[in-house]
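The values are calculated or read from the model by the stated rules, or taken from the named source; none is laboratory data. Predicted, not measured: the structure shown is a model, and the values here were computed from it. Reconstructed Cβ throughout: ideal geometry from the backbone, glycine too, with neighbour counts over all protein chains shown.
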Amino acid sequence: MQTDKPRHIAIIMDGNGRWATAQGKTRAFGHEQGARVAAEAFRLGQERGIEQLTLYAFSFANYRRPQAEVDHLMSLCGRFAEDHRDEFVERGIRLTVIGELEDLPSAARRAIENTIAATAKGTAMTLCLAIGYGARNDLVGAIRALTARAYAGLLLPEEVDETTIRSFMTAGSLRDPDLVIRTGGERRLSDFLLFESAYAELFFSDHMWPDFNAELLDQAISAYARRDRRYGQIGEQLAHSA
Ligand code: IPE
Ligand code: IPE
Ligand code: MG
């Protein structure tokens, strides 16, 4: 089936550290610039009519980085939510998050929760920040919750299907991403939306995240438009159903 515009774009914003060290700057400098570019990304996404944009800001595995970098990234996530709160409201952008927020310092967590509450009525675009997110961890959490329900006699094995599983995942309310973009040159998913990206189109760029711009987003969107999404069927079947 010839694809149209992606409705949900998910971005692995990789390369801040290498971008900064290449110019003799600190990794922290790279993350600060990365956050400015993330703001540019949601504006561009909205201009392009994208319904959902998910940004991988901090992975569950990133908690294993040096504590100073973890602390900086956490406070950056909080600041990002706070600094753009009014802009989100003006633009009708609804902020959501996926991942483990428990380990977030309380100030950052409060800032994010306040922005989620303040933007809850936004209908123009959903911006989802993946913070402390890991796809495997999300799945483990869902299975734990499902098992607890089954153990309490509230769920039968035959009642478990894709929908039930999703309903217990923090990413459960998102559409499946149509297009996953990764900057930074690596060709891997690093535990990002593994379940949800089963049929996503992938676009890898060698540009570091702080160099992401409108041209690159448009390249990814037009590459997506040239792909044939078959979902396991053959071309003729999809041509008939189109
Ligand atoms: C992406 O940039 C931001 C996060 C993972 C939090 P990196 O910090 O991974 O930058 P590189 O990959 O070391 O260049
Ligand atoms: C993926 O980048 C996570 C984010 C962009 C938030 P990483 O830099 O953590 O990924 P790996 O370690 O290279 O796989
Ligand atoms: Mg990286």
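Among the numbered conditions (1) surrounded by fewer than 16 Cβ atoms within 10 Å (Cβ to Cβ); (2) more than 17 Å from the chain's Cα centre (by Cα), the only one that A20 does not meet is (1). Residues in segment 38-66 that are within 12 Å of ligand 2 (Cβ to nearest atom) and surrounded by 14 or more Cβ atoms within 10 Å (Cβ to Cβ): A38, T54, L55, Y56, A57, F58, S59, F60, A61, N62, Y63, R65. Flag: I9 matches the condition of being within 26 Å of F168 (Cβ to Cβ) and modelled with pLDDT of 95 or more.
Scanning segment 111-161 for residues that are outside any helix (DSSP H, G or I) and farther than 30 Å from A57 by Cβ gives A152, G153, L154, L155, L156, V160, D161.
One residue alone among L174, L238, L202 is away from ligand 3 (no atom under 16 Å from the Cβ), among the aliphatic types (A, V, I, L, M) and assigned to a strand (DSSP E or B), and that residue is L202.
Residue by residue, here is whether (1) part of a helix (DSSP H, G or I); (2) among the charged types (D, E, K, R); (3) within 15 Å of ligand 3 (Cβ to nearest atom); (4) over 28 Å from Y224 (Cα atoms) holds:
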position: A10; (1), (2), (3), (4): no, no, no, no
position: K25; (1), (2), (3), (4): no, yes, no, yes
position: A38; (1), (2), (3), (4): yes, no, yes, no
position: G45; (1), (2), (3), (4): yes, no, no, no
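Sub-8 Å Cβ pairs linking a first residue in segment 170-191 that is under 16 Å from R136 (Cα atoms) and among the β-branched types (V, I, T) to a second residue that is modelled with pLDDT of 95 or more and within 16 Å of ligand 2 (Cβ to nearest atom), at least 6 apart or interchain, are T170/V97; T170/I98; T170/G99; T170/Y133; T170/D138, ordered by first then second residue.
Is there a residue being of a type in the set (D, E), closer than 30 Å to A41 by Cα, modelled with pLDDT of 95 or more and touching a Gly at 6+ places or on another chain (Cβ under 6 Å) anywhere in segment 138-147? I'd like the intermediate steps shown before the answer.
So the first thing to find is which residues in segment 138-147 are of a type in the set (D, E), and the list is 138.
Imposing the further condition that a residue be closer than 30 Å to A41 by Cα reduces the set to 138.
From what is left, the residues that are modelled with pLDDT of 95 or more are 138.
Checking which are touching a Gly at 6+ places or on another chain (Cβ under 6 Å) leaves us with none.
The answer is no; no qualifying residue exists.
Return the residue satisfying two criteria in turn: it lies in segment 12-27 and is away from ligand 2 (no atom under 15 Å from the Cβ) and either modelled with pLDDT under 95 or not charged (D, E, K, R) (or both), and of such residues it is nearest to R187 (Cα to Cα). So the residue we want is A22. Could you figure out which of (1) assigned to a loop (DSSP other than H, G, I, E, B); (2) under 24 Å from A20 (Cα atoms) isn't true of P210? Among (1) assigned to a loop (DSSP other than H, G, I, E, B); (2) under 24 Å from A20 (Cα atoms), P210 violates only (1). When D191, D206, D211 are screened for being under 26 Å from A28 (Cα atoms), loosely packed, with under 13 Cβ neighbours inside 10 Å and within 16 Å of ligand 1 (Cβ to nearest atom), only D206 passes.
Of the residues making up segment 28-37, those that are away from ligand 2 (no atom under 14 Å from the Cβ) and under 17 Å from the mean Cα position of the chain (by Cα) number 1.
Okay, residues lined up against (1) part of a helix (DSSP H, G or I); (2) more than 16 Å from ligand 3 (Cβ to nearest atom):
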site	(1), (2)
Q33	yes, no
Y56	no, no
G78	yes, yes
E82	yes, yes
E90	yes, yes
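In segment 54-73, the qualifying residues are those that are closer than 21 Å to A39 by Cβ and near ligand 1 (Cβ under 9 Å from one of its atoms), and the one that is nearest to the chain's Cα centre (by Cα) is Y56.
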